Every structure is written in C-alpha cells, then in structure tokens.
1. Obtain the nm distance between the two label points defined at residue 79 and residue 129 by a simple spin-label model: each point lies 7 Å from its Cα along the Cα-to-C-beta direction.
2. With each label point set 7 Å from Cα along the Cα-Cβ vector, what nm distance links residue 14 and residue 67?
3. How much length would be gained if the chain were fully extended between residue 114 and residue 58, taking 0.36 nm per residue of separation minus their Cα-Cα distance, in nm to one decimal?
4. With an 8 Å cut-off on Cα pairs and a minimum separation of 6 or more residues, tell me the relative contact order of the range 1-71 in percent.
5. Mind pulling the per residue volume of the convex hull built on the Cα atoms of the range 2-129? Å³ is fine.
6. If you rank 123, 58 by fewest surrounding Cβ atoms within 10 Å, what's the result?
7. Can you classify the range 38-107 as rounded, prolate or oblate using the Cα gyration tensor, where a ≥ b ≥ c are the square roots of its eigenvalues, rounded means a/c under 1.5, and otherwise it's prolate if a/b beats b/c and oblate if not?
8. Rank these for me by crowding, 51, 89, going from fewest to most other beta carbons within 10 Å.
Ligand code: THU
C-alpha cells in the first residue's frame, strides 16, 4: 500500500493543473503487479479537464487491460484533506473497475482512507440500463 502511495506521489509533479493549481495523481495496481499512473490534465476550456483517476484508467485500457485485470487504485494530492473522486470519475470507475476493487484516498501526509469501488456510486447507471 505504501508502495502504491509512493508511485502516485512520484507523479504528482507531472499534473498539468495550471488553472486550478490542484494537483492530483492516481496509481492503478493491476492483478499482475503492474502499476499504471495518471494525473489530472487541464485545459483553457476548463470543462475539458481530465481527472487523474480517468487518466490512469484510460491508459490501462489503451494498453489492453480490462476490468478484471484491475486490483486497486490510489489517489493523492498535495492537500491536508483526503481526496474523494468526483462524480464523473465514480461513473467511469463503476464501469471500468471491479466493484470489489479498493479505492485508496490519501492526503499529503500519506494517511489513507480505503473504500470499495462499489460503495462510491450506489444505483450507478450501467450497460444494463441501456
Ligand atoms: N480532480 C481529479 O483529478 N480527481 C478528482 O477526484 C477530483 C478532481 C481534478 C480535476 C481538476 O483538474 C482539479 O482536480 C480541480 O477540480
């Protein structure tokens, strides 16, 4: 768990948060042990910012990994408070990660709160609703 926190913390510097100055990093751990990181990437058209969680997940999917390959995700910031994934990320995480994947939310001291992915978005909209 500390290793995953360090992986996320190490890429915080790569966050492209020039508008909010709110740097976020995520480290996705796969069941094969591989770690895939992501950061938030913002844009002058503010609404087009991509969160760290989605950056990491989209990278993993682009590499060919899928839901069943994912074990857990660590998210961290430079803030005293623990980060909590936004609604858009919860929707994406509900589809792209297993429900029993752990979501670790760390503050700048490395204190970690952990929840299950399935607890983050009750009554999620899913492919079954289409
Ligand atoms: N952000 C994330 O990357 N992850 C979250 O869980 C919450 C918010 C980003 C989006 C934006 O670049 C900045 O943090 C401020 O909202």
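Read-outs: derived from the displayed coordinates by stated rules, not from any lab. Everything numeric here is computed off the predicted structure, so don't read it as measured data. Cβ sites come from the backbone with ideal geometry, for glycine too, and all protein chains shown count toward neighbours.
1. About 2.5 nm, to one decimal.
2. Output for this residue pair reads 2.7 nm.
3. 18.0 nm
4. Working: 117 pairs, mean separation 19.6, N = 71.
Reported relative contact order: 28 percent.
5. Numbers: hull volume 13.7 nm³, N = 128.
Roughly 107 Å³ of hull volume per residue.
6. Details: 123 6, 58 15.
Least crowded to most crowded, the residues run 123, 58.
7. Values: a/c = 1.92, a/b = 1.22, b/c = 1.58.
Judged from the Cα gyration tensor, the range 38-107 comes out oblate (a/c at least 1.5, b/c at or above a/b).
8. Ranking 51, 89 by Cβ neighbours within 10 Å, fewest first, gives 51, 89.
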